[in-house]
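> Encoded as structure tokens, here's the structure I'll be asking about.
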Amino acid sequence: MPTKSRINYNPSLSVEDNAKRCGVTEAAIRKYINEHGIDRRYDEQVKRYNAVKVYIQSHKDAKPSEVASALGMSLNTVKKYMAMESAPVKPNTDKVSKVNLSKLSAPIKTVDKDQTAILSGILRLYCDNAPTFDCDLTTSVGGFYKFGIPRPAHLFDKYPVDETVKPLEVAELFPDNSFNSIIIDLPFIVDEYAESKTIQSMMLKRFSYFGSNEELYSTNTQMISLAYRLLKSNGVLVMKTQDYWYKGKQEWVALYVIEQARQLGFKLLDQFLLIATTKLLKQSYRQRCARKMHSYFLVFRKH
């Protein structure tokens, strides 16, 4: 029977400190890092971010130049982390850090808590190890590309957030068979009363929900159809989606997407589960079904 690893890796510590903490050699820590595809550069970025934020908490009026001098960092580095609203990962945890996208030996799993790891695995397995996708039809604020995956050359959205993202109508003008890979991430929330609510950000509202079940399903169908037309033969479509509970009924959106794609001529290649880590039930909430703690990345190939 294999022995349990003595290593409890902490991404906020150095290799030397991890070795001392776990009672092993530095070589053992480096081997663990390589085998698990851990990105030390990412860990160092998180450490610097935390250092900047902690310093600012106790020196609220400090200028970027003062922070840079106190922490021994470059001015541009300090400005970057001061502008960030939240850390990429929670600091001072014992969890393994983000997967290093450059390590092609890192295991590809069907279930993960790391969206970037899932997307990297899809690119490696089904997109000829391309660095990113050809086209994103629902870019929004570009959340897929925050932690290592480059932004695609062709970015579209129904409501573009900046000049780098083109209106979806532009994508509809592209000729057939334009791309080798496309990714889609539509909202999976229905709120028919949202129009009457006070919402501070109209743009955020546009990205977060549909007004009815019918709108959700019809939009999924339309986007799958558009992707099929734009993809080359053997092209890959990746769709992120999630099932949900609405008006006393479970809505199996993932099954719907799979069936619609199949009818159009797609073949389902794989499915990945992204596990949520922050959703909690309210104490006053009467639970009627299992809480949805995962979303799907469905991978299709065009025949």
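> Name, by its number, the condition in (1) open to solvent by less than 30 Å² (accessible area, probe 1.4 Å); (2) at negative phi that does not hold for G142.
For G142, the exception is condition (2).
> Which of the residues spanning segment 128-148 are under 19 Å from F300 (Cβ atoms), hydrophobic (A, V, I, L, M, F, W, C) and modelled with pLDDT under 95?
Of everything in segment 128-148, those that are under 19 Å from F300 (Cβ atoms), hydrophobic (A, V, I, L, M, F, W, C) and modelled with pLDDT under 95 turn out to be A130, F144.
> Does segment 54-64 contain at least one residue that is at pLDDT 90 or above, farther than 28 Å from I29 by Cα and assigned to a helix (DSSP H, G or I)?
Within segment 54-64, one or more residues are at pLDDT 90 or above, farther than 28 Å from I29 by Cα and assigned to a helix (DSSP H, G or I).
> Taking the stated definitions as given, is G248 open to solvent by 40 Å² or more (accessible area, probe 1.4 Å) and touching a residue at least 40 places away in the same chain (Cβ under 8 Å)?
yes
> Which is free of Cβ contacts under 8 Å to residues at least 24 places away in the same chain and of a type in the set (S, T, Y), of Y159, Y145?
Details: Y159 fails: free of Cβ contacts under 8 Å to residues at least 24 places away in the same chain.
Result of the check over Y159, Y145: Y145.
> Among the residues of segment 36-50, write down those that are acidic (D, E), touching a residue at least 40 places away in the same chain (Cβ under 8 Å) and open to solvent by 10 Å² or more (accessible area, probe 1.4 Å).
The one that is acidic (D, E), touching a residue at least 40 places away in the same chain (Cβ under 8 Å) and open to solvent by 10 Å² or more (accessible area, probe 1.4 Å): D39.
> (1) open to solvent by less than 50 Å² (accessible area, probe 1.4 Å); (2) of a type outside the set (S, T, Y); (3) in contact (Cβ under 8 Å) with a residue 12 or more places away in the chain: which one isn't true of R21, the others all being true?
The failed condition is (1).
The values are calculated or read from the model by the stated rules, or taken from the named source; none is laboratory data. Since the structure is predicted, the reported quantities are computational estimates derived from the model, not experimental observations. Methodologically, a virtual Cβ is constructed for each residue, glycine included, from the backbone with ideal geometry; neighbour enumeration extends over all protein chains shown. The protein model used for the area step is the full one, side chains on, heavy atoms only, and it has no ligands, DNA or RNA in it. Shrake-Rupley method; radii C 1.70, N 1.55, O 1.52, S 1.80 Å.
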